Each structure stands twice: as C-alpha cells, then as structure tokens.
C-alpha cells in the first residue's frame, strides 16, 4: 500500500481515495472510503485511456458484467461511473489473502478447508451463472480467502452467456493452467467451463501446483486439452468430484449445485441414485467460522488490523507496480514476505509485527507470488534483473535526449476489418495479408477485403490447435504460405490417428494446396513454427505414445520432397527459438539450457543458460541471459564472439531482437540510467553499436516491458508495454510515427508482422485485423 502521490486523484464519486493499492496496465487500484466509513476498492482508468472511445466501451462491458453478479462469495460492484472524465468502478473491499499466496506461503490447504473452499467456489458460481455470466478466469489469484469464506473476484474478462463479445468462437483469453479445454481451443463457452476452472483451482489448493503443470502457455494448453491431470495429492474424499470437474467434455462435468451437494454429502450417507451426495441444495455450507488454517487466518487478521489501525508517521515505501493486481486489491501485499524455514512469516521472536512492518512487507516477497507463472517470470522478472544503467551498448554513449511521445506524428490506419474468429497470426506478402485462425485461413487484399479463404476441415486438420493469445504457427516463404496444425482431428479422419501437419497454399489466391504430415508418430499439433530456411520448414510437434504425451520434437520438413528430413528429440521445452541465417538447423532455449541443432538434426552444441531472448544475425545466435547480457554464439561451434550488457529480454512472444534483411544489423532495446529504454543498432559481426537513440517512454503505470521488435521496409517497429505501436528509422533510430489505436490492450494479445510495405496487427481478443502503411500515411 502506498500513500497518495501529488498526481493521484483524491476522490472517485462519493469515495475519498486514501491509499494506492497498486497499478496495472489499465490504471490504478485505490483504497476508498465513503463519508459513512464504508471501505471499497476503486479501479481508476488511466487518463490516456479515458479518451479512447473503444476502451471506454470495453470498460462499460466490464462494469455491466460485474454488476450482474452478487452473492455471499463474490466481491460485488457497489458503484461505478464509466462515463466520468476519469472512469472508475468500486467493489466491496474483501479483507483476505489470495489462494495463490496462501498456498505459496503456507503450503496446500488441509482437507477440511479444501472442502469449504470447494463448496464456497461452487456457490459463487451459482450466483455468477444465475446472472447469465461466465467468469472465464477463475484461478487461485482471483480467489480471496477471508474469515467468512472464499470470495471470487475480478470480472475483467467475464462475459454474458449469450455468445457475444469475447465469448465467441476463436477468442482465447484466460490463464493457461486453469482454462477449460474448450477455452484453450477457442470454442464456444458454457458455464461448464467455469466448473473445469473450479476443479483446477481446488487441485492447486490441494497439491500446491496446477494439475497440468507449469511452463510455456502453449505446452500447458496442450496438456489441458490432451492429457489427464495429476490429482495424486488431492484427498480421496474429494478426488472423484475433482475428476468429474476436469472431464474434457463439458457435458460430463457436474453443475455448481451438484458440487455443493457432493461436499455436503461427505458427512452424510451417500445416495446411490445420484452417485454422490444426498440431494441438490444450493444453500450456503455449514458455518465457516474457523475454516481457515491457523497461519492463513493469522495473515487475514493481521491485514484487518492494518486497515483499522490509526495511521502513524512512516517513510513512504517505494512504489511497486503490479500488472496482475485484481480489482479488489491483493491486500496480502501488506503482509511481510514469506518466512525462512522454521520461522513464522514476518515476525521476530517474542514480538508481533507492527503496522509499519506489515506495510513495508510490500517490498519483500509478497508480490513474487502474485505473478502469472514460469514464462511471465522469465520474460519480465528476468529481464528486469538487468542492472541496465545506461553504460551504452559495447561502449557506445547515449546520444540525443529522450523524445516526448507527443512530438512524434500519429499514423493513420490503411484499413481495419473484423474476422469471424480471432487470428493468432497475420502474415503479409504478395499483396495479401494471410490471417490464421483455428478453423480457417483468410487472405485479405490491399483494402482489407476478403480475397480468399481456406477451411481447415477441407484438409482434415485444425490450424493453431495450441492457440492462446498470439502465436507463431505459420510462415511465408516466397509465394507460399505454410501453416502448422493437427491432421486427423476432424471426425472423418480421426480413425487414422492425430498427426502434426503442415498445409501450404499460394499466398496470392489460396490455391494449389498440399499437405505433409509427420509420418510414423502420433502427435497433436505444434508448439511453434520457427520458420522456413533454405527449403526446409521447422516445426515443433509433440509426439505421444498410446497412453500419454511423449516428447517435444523439432521436425525439419523438406519442402521440395514434402517429406521429413529429420526429427530431433528436444532436450528442453522451447520457450525461445531462432533460425540461423544459413546452414540449416536452429537454436532453442528453455529456462535452463540452450541447444543448437545442426543441419542434420543432431545436437551441434548445448549450454546451461537462463535465456530471456533468442535471435540470430550474421553467423551468430544472439541470446540474452536473465541478467541482461546479450551474447553472440557461433552458430556452428558455440564459441562466444562478443557480448553487450543491459539488453532488455523478450516479451513472452519471443520477438525481442530484429535484424535487417541481410542479417548484418541487429536491433535491440537497452536500459538507460533514467530507467528508460534506448534502441540500439548492433553490427552483427562485432557487436559494436552503429547508433544508439533513446525512445519515448511508455504511458505511466504501464506494466514492466518485454522487447517486441520487427524490422522491415526501412523501419524498426516496436510494441510498447502500453500497446502503443512505434516506427523508427532503421538508419538512425529517429521515431517516424506512432499509432495508439491498440493502447490498453495487453501486448500478448497483439499478433503482428511487417513486410510488403505494411505493418499488420491482429487483436486476438476482439477478432480485429488492421494494417498501416510503412510510411504511416
């Protein structure tokens, strides 16, 4: 919790804002009090987003969805004004710790608490679904454990069940380890999707981790869709219920009322007519007093004491922005950091923590447990670990001063259109923009009109079956489009088994199709499509045996012969990957190791290395470690050629370094002494900076950035952490234009590509595709 700064608002409607709880990409969350003393959590929209009509509409929908929901185990909206000059929404303030933090700090919940959690979440869903709303993001971070029971919070992506807005087919939004299979596949959602998320959330509370594991989002989603969860640590009394909640088919899952009946039935003789439980009651479970484990209850009581104690003079803590902050505010951030083994968290022997100690706990380990998983920590927390104090790239010195965003001219869209479903990737070439959705390819012409479509069912396959947010599942080479997916997933072809496949069509007209499959291996789509080089397509399929998923592979497909050149069994789960400029093979990296594969599919070399970015330029692979040091490794031998400090790690999508068409210049972002960023052009042969130029800052309150860069048509493009698009002159780094039409959208939801004199963008959460001319006109 921070004291209000001079630039903070002081009130929202009838509520006086008394402290800042945290900040995120949308704005800030404040602790507010009415004149009658009622405490609320107030979400205030950033001023720059308040003037965006599209964002206001999105915020109105969030308020409308949240207003529909009420119940004992939710945090209802008590007031809102989405049309105010500074739009805001207030919810009941829940004094509780998130399930994510409670389990991370004190371990899995005991069986009695687990039962009460299950019943409480089910009752919350009864109220949510009665309002004809699907939550869509039920997860441990959105469950607050209070003294009166669990509370479900954050309806930021909730939508009505009428199939409108983001509930439509093809939209994939949520948190990968807690999505339902149908949500992972971008299909139509029903309330049964929330029941699946309830099952994964309860399993987390019982096991201390997601039942589908952690890692790259695409890998987790594959396990959600195709594998069985690990429920070995779930108590036997509730395991049959959780198994039913996690059924792959929505119709096999119990309703929330049946979940409540099951929990009630654990203390009564079972009814054989139902298979479990004595009846279908939606009454609130037994008295919840004392339901929390002692250590968790102590945390909640300590938080309540902080909020009710009179203020005392104290230094203002350093602000700690938290892009994952839920609407009601993770008040557990007031708690001290988790304890060392054998010590009670945040306490010294014989003395209870004072209010100041609790407040200062915000800067300790509290926020470390609120993140979104391994990949987020790698790509954001890792890149932030760089010291980045503006020493220049390879000895260069900072040049011009940082330009103000308003000094850069605004670009105009060439066109914008809507697709039937979300495109996870867009690829320009040959006068066409190819858009890849789950069930079809759409070719858009120079004016954004539909030039052609190719349906996946016509080729007995699905495209981007692993799809979540923006992904790389396709590539353009010459006049051909290549798209990875899964063959044999349609009913007519399923008997032959599921195979990883690549479909190729002409970019100009979508015709002359051919398909190649990974013969001899059952598999289910691809985690990624690194690209095409020298007549080979490189795909990352997961193969499996008769009972479970096997290994991740690198598949080199010979395009001339349309047959497998080689299949490499990966030694790590790729989070980043890169193709060399020539010579064949590729490099892939996970959180612990980088592996270079040669032209014949064998390991050329590997190293223990915590990568936060991977790219290629000249004869080298470029890899950034979690301290921000970029190293150029010889692609053939693995020898270090040169290093550059203070380089920003990639975003979760991996496009953190850009190169010119010849691969002689690499463009990266480096940290400056003022905590801003500079764009640097590195000579690929030596690592020396050809130029370095500070770039405009992202909007205040934006989440920690990850680098997203492209180079084409004489421009270096960047997506800012706030969703702003920038074009810089590739010759000197001067900003040429900006476009703010996607501000406020999470960068991970923006798919983009550059070339053919255009920058193309897809908002994967709204089915929108747009194009800008390279000159911004």
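The values are calculated or read from the model by the stated rules, or taken from the named source; none is laboratory data. Owing to the predicted nature of the structure, the values given are computational and were not obtained by experimental measurement. Cβ coordinates were reconstructed from backbone atoms using ideal geometry, including for glycine residues, and neighbour counts include every protein chain displayed.
In table form, for the structure just shown:
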quantity	calculated
Conditions (1) crowded, with 24+ Cβ neighbours inside 10 Å; (2) at pLDDT 90 or above; (3) assigned to a helix (DSSP H, G or I); number of the one not met by residue 244	(1)
Which listed residue, of 476, 505, 483, is closer than 25 Å to residue 181 by Cβ, in the same structural domain as residue 424 (by TED's automatic domain parsing) and modelled with pLDDT of 90 or more	483
Candidates 718, 758, 692 - the one that is farther than 30 Å from residue 507 by Cα and crowded, with 20+ Cβ neighbours inside 10 Å	692
Options 124, 130; residue that is assigned by TED's automatic domain parsing to the domain that holds residue 237 and either touching a helix residue (DSSP H, G or I) at 6+ places or on another chain (Cβ under 7 Å) or over 29 Å from residue 294 (Cβ atoms) (or both)	130
Residue in region 706-716 that is under 18 Å from the mean Cα position of the chain (by Cα), under 25 Å from residue 630 (Cα atoms) and part of a loop (DSSP other than H, G, I, E, B) present	yes
Residues located in region 169-203, provided they are assigned to a loop (DSSP other than H, G, I, E, B) and modelled with pLDDT of 80 or more	179, 180, 188, 189, 190, 191
The one condition in (1) at pLDDT 80 or above; (2) more than 23 Å from residue 132 (Cβ to Cβ) that residue 80 fails to fulfil	(2)
Residues of region 558-586 satisfying the condition of being surrounded by 16 or more Cβ atoms within 10 Å (Cβ to Cβ) and closer than 16 Å to residue 532 by Cβ	559, 564, 565, 566, 577, 578, 579, 580, 581, 584, 585, 586
Count of region 679-705 residues which are over 26 Å from the mean Cα position of the chain (by Cα) and part of a loop (DSSP other than H, G, I, E, B)	5
Search result, residues across region 442-452 that are assigned to a strand (DSSP E or B) and either modelled with pLDDT under 95 or loosely packed, with under 14 Cβ neighbours inside 10 Å (or both)	450
Failed condition for residue 124, given (1) touching a strand residue (DSSP E or B) at 6+ places or on another chain (Cβ under 6 Å); (2) at pLDDT below 85	(2)
Any hit, region 729-739, residues being under 25 Å from residue 612 (Cβ atoms), assigned to a strand (DSSP E or B), in contact with a strand residue (DSSP E or B) (Cβ under 6 Å, 6 or more places away or on another chain) and in the same structural domain as residue 666 (by TED's automatic domain parsing)	no
